[in-house]
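In what follows, a structure is listed as structure tokens, so that the remarks can point back to it.
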Amino acid sequence: MAQKNSNNLMDKLSSLAKRRGYVFQSSEIYGGLNSCYDYGPLGTELKKNIRELWWKTMVYEREDIEGLDSSILMHPRIWEASGHVEGFTDPLVDCKKCKMRWRADQIETTEGCPNCGGELTEPRMFNLMFKTFMGPLEDAAHVVYMRPETAQGIYVNFHNVREASRQKVPFGIAQIGKAFRNEITPGNFIFRTREFEQMEMQYFVKPGSDEEWFGFWKEQRIDWYNRLGIKKEKLRFHEHSEKELAHYAKAAFDIEYEFPFGWSEIEGIHNRTDFDLSRHQEYASKDLRYYDQEANEKYIPYIIETSTGVDRLMLTVLVDAYDEEPERVVLRLKPQLAPVKAAVFALVNKEGMPEVATRLFENLRKDFKVFYDAAGSVGRRYRRQDEAGTPYCITIDGQTLQDQTVTIRERDNMEQIRINLDKVYPFLKEHIT
Ligand code: GAP
């Protein structure tokens, strides 16, 4: 039953996402491309708002974090040094009967295929990196990889960024960008896809201070979800056991969210020790040590990593915001995240109301993403905006023409207030930024 309800909610959410222009199946007119998605007008705005909030918190509000935008294709030796060529693999099994494919570490292989009980093949290790070729020759010497994480672009630029920004350890480098993984079992809508976007921050610290910084970033990151407006009781930490730890990590915590399909990771916080920089020092034959002037010593910094995904956070905020009431479906998105900040209506399309509404709309659109809607009854216009997550609807009515006041209707409690036309802009500024 729980599974059925969960599917129900995910189905409702994905159809709302399509209807309102949040998420479309990629290549839909060709039958779709498995686990790839396109983001429509509202989805694009929501992703942008999530990115901006993360960037503001991690880069603008801190003096010790710098930004970077490194390339997706990098020298293939990077992925040998990082351990991805050798170790970024999942064990794959196929059902001999129904041909379904599974990750052996996610099922009870002794019980046979979870779908039909059929016999499973022996596990084969499968590397998750997408490969392509650089230049016209398609041979082993020209293989390059689509990055499976943005982190490595940061490590190989550690000294470039440090020198250019004159930062001293401890300091961090933040990056937002696409990553690609040939996942064996993608799924749950945009939760696990083969192309996705990461927001990663690598914080370089003196060895010995790593555990303290690890604790610091753990707390900072879970607190950040308040700013996204996520319900506190839906978040928890999951500490990685020895068996779960990635090859580079000494300690790791996931921040998990309770999705309709169960508690699942939305962010990883890792103590990566000096693994990455030591390996790049070895594989590139370059001295990557940091000279600590105060202590007059050289060392390879330890790295504390915070890593989350834009697409996965978008799913998180949509699931968290989705609400059904007897009369309406409403997305209770935090105004700061909402794709459209306000909708402007003329109560009727005559008597000078559209002219006033259009003037207001033109004025607001200079600074806010606003929407002008003239179609259908006001009630229907409200419902459409509720479902899209628009926090405010502003209506120009007969009274506006007499006393220059408008109604502002709030999405969550549906209450209306009347304010002066010239107070609308400061109202939005106050409630949305
Ligand atoms: N650099 C460390 C790293 O990549 P990860 O735990 O593999 O760690 C971090 O990934 C985050 O990236 C995840 O918490 C998730 O938000 C996002 N992510 C990873 N794989 C993803 C996928 N296939 N689809 C969508 N998001 C993904």
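List of remarks:
- Look at (1) part of a strand (DSSP E or B); (2) surrounded by 15 or more Cβ atoms within 10 Å (Cβ to Cβ) and you find that residue 237 fails only one, number (2).
- Among residues of region 202-221 that are within 10 Å of residue 169 (Cβ to Cβ), those with a beta-carbon under 6 Å from a residue that is in a helix (DSSP H, G or I) at least six positions away or on a different chain give the pairs 205/213.
This table checks each residue for (1) at pLDDT 95 or above; (2) in contact with a Leu (Cβ under 8 Å, 6 or more places away or on another chain); (3) within 16 Å of the ligand (Cβ to nearest atom).
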{"residue": "297", "(1), (2), (3)": "yes, no, no"}
{"residue": "300", "(1), (2), (3)": "yes, yes, no"}
{"residue": "303", "(1), (2), (3)": "yes, yes, yes"}
{"residue": "331", "(1), (2), (3)": "yes, yes, no"}
{"residue": "337", "(1), (2), (3)": "yes, yes, no"}
{"residue": "347", "(1), (2), (3)": "no, no, no"}
{"residue": "350", "(1), (2), (3)": "no, no, no"}
{"residue": "358", "(1), (2), (3)": "yes, no, no"}
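- Failed item, numbered, when residue 255 is tested on (1) surrounded by fewer than 18 Cβ atoms within 10 Å (Cβ to Cβ); (2) within 13 Å of the ligand (Cβ to nearest atom); (3) under 30 Å from residue 63 (Cβ atoms): (1)
- The condition of being out of contact with any helix residue (DSSP H, G or I) (no Cβ under 7 Å at 6 or more places or on another chain) and part of a helix (DSSP H, G or I) does not hold for residue 85.
- Residues within region 268-295 that are part of a helix (DSSP H, G or I), of a type in the set (A, V, I, L, M, F, W, C) and either within 16 Å of the ligand (Cβ to nearest atom) or buried (at least 22 other Cβ atoms within 10 Å of the Cβ) (or both), tallied: 2
- Here residue 185 meets each of (1) within 16 Å of the ligand (Cβ to nearest atom); (2) modelled with pLDDT of 95 or more with one exception, condition (2).
- Helices (runs of 4 or more DSSP H) lying entirely in region 336-432 (those with 1 or more residues that are touching a Phe, Trp or Tyr at 6+ places or on another chain (Cβ under 7 Å) and more than 25 Å from residue 321 (Cα to Cα)): 353-364
- The set of residues in region 140-182 that are within 16 Å of the ligand (Cβ to nearest atom), over 21 Å from residue 274 (Cα atoms) and out of contact with any Ser or Thr (no Cβ under 7 Å at 6 or more places or on another chain) comprises 145, 176, 178, 180, 181, 182.
- Within region 336-352, residues that are in contact (Cβ under 8 Å) with a residue 60 or more places away in the chain sit with their Cβ atoms under 7 Å from residues that are part of a loop (DSSP other than H, G, I, E, B) and of a type in the set (Lys, Arg), at 6+ positions apart or across chains, in these pairs: 339/369; 340/369; 341/369.
- Residue in region 297-316 that is more than 18 Å from the chain's Cα centre (by Cα), without any contact (Cβ under 8 Å) to a residue 12 or more places away in the chain and more than 30 Å from residue 257 (Cβ to Cβ) present: yes
The values are calculated or read from the model by the stated rules, or taken from the named source; none is laboratory data. Everything numeric here is computed off the predicted structure, so don't read it as measured data. A quick note on method: Cβ atoms are made from the backbone with ideal geometry, for glycine too, and the neighbour counts reach across all protein chains shown.
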